[in-house]
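Before any comments, here is the structure.
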Amino acid sequence: MKNEITQEIKESIEKRTGLDLGLKNRRREFVYCRSIYFKLCTENTELSITDIASTLNLNHATVLYSLKNTFPLIMDCEPKYSMMYKALKSPEPIENVHDKYISLKEDYEALVESKKPNEDSDLMEIIKQIPEAQLDIAKLRINAMVQMLKTH
C-alpha cells in the first residue's frame, strides 16, 4: 500500500514534468522534482527517510539534505515548482490531480473561446475609429441613439 502511494506520487510528478525521477541526474529540474517527491512522500506516507530514499535508489542523507535545504528554496524562489507542489499536495487523491488538470484546461479553452470577437465586432470596429478628441460627443450621441431605439 505505502509503495503504491510513493509510486503514484512519482508518476504524477513524472507525468507533469516529463522527467524520470529515478535517473541519476543533478540538473536543477531533477533536483527540484525529487525534492518535491521527498516532501510529498513524507507528508502522505509513514515511511522512514531511509525507505523513501530507497524508492529512488538513493541514501537517506540525500533526502534529508533535500528536505532541509532544497525544498525551502523551491518554496521561496521557484514559483513554477512551488505551484506544482501545492497542486500535488491537495487533499484530493493523487490520481485525481490529472483529471482536475484536464478539467481546468477545458474550462480555460472555453473561456478563451468565449472571449473571441462576436457578431458585434463590426460595431466595435466603427467605435474604434472615433478620434479620441471626439469621444465625449460620440458617447453622448450613441446614448441618444440607444434611447431612441428603446422607445421604438
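The values are calculated or read from the model by the stated rules, or taken from the named source; none is laboratory data. Source: prediction; values computed, not measured. When we count neighbours, we look across all protein chains shown, and the Cβ atoms used for this are built from the backbone with ideal geometry, even at glycine.
Could you tell me which of the residues S66, S103 is modelled with pLDDT of 90 or more and either among the small types (G, A, S) or more than 30 Å from D51 (Cα to Cα) (or both)?
Result: S66 is the single residue among S66, S103 that is modelled with pLDDT of 90 or more and either among the small types (G, A, S) or more than 30 Å from D51 (Cα to Cα) (or both).
Is at least one residue of the stretch 33-40 part of a loop (DSSP other than H, G, I, E, B), assigned by TED's automatic domain parsing to the domain that holds T6 and either under 16 Å from I5 (Cα atoms) or modelled with pLDDT of 95 or more (or both)? Can you show your working first?
Pass one, the stretch 33-40, residues part of a loop (DSSP other than H, G, I, E, B): none.
The answer is no; no qualifying residue exists.
Please go through the stretch 45-71 and pick out each residue that is among the hydroxyl-bearing types (S, T, Y) and assigned to a helix (DSSP H, G or I).
Within the stretch 45-71, T50, S54, T62, Y65, S66, T70 meet the criteria.
Going residue by residue through the stretch 82-100, is there one that turns out to be in a loop (DSSP other than H, G, I, E, B), over 22 Å from I5 (Cα atoms) and modelled with pLDDT under 85? Full working, then the answer.
Here is the first cut: in the stretch 82-100, the ones in a loop (DSSP other than H, G, I, E, B) are 90-93.
Those left that are additionally over 22 Å from I5 (Cα atoms): none.
No, because not a single residue in the stretch 82-100 is in a loop (DSSP other than H, G, I, E, B), over 22 Å from I5 (Cα atoms) and modelled with pLDDT under 85.
If you go through the stretch 113-130 one residue at a time, do you hit one that is assigned to a helix (DSSP H, G or I), surrounded by 10 or more Cβ atoms within 10 Å (Cβ to Cβ) and modelled with pLDDT of 85 or more?
Checked the stretch 113-130: no residue is assigned to a helix (DSSP H, G or I), surrounded by 10 or more Cβ atoms within 10 Å (Cβ to Cβ) and modelled with pLDDT of 85 or more.
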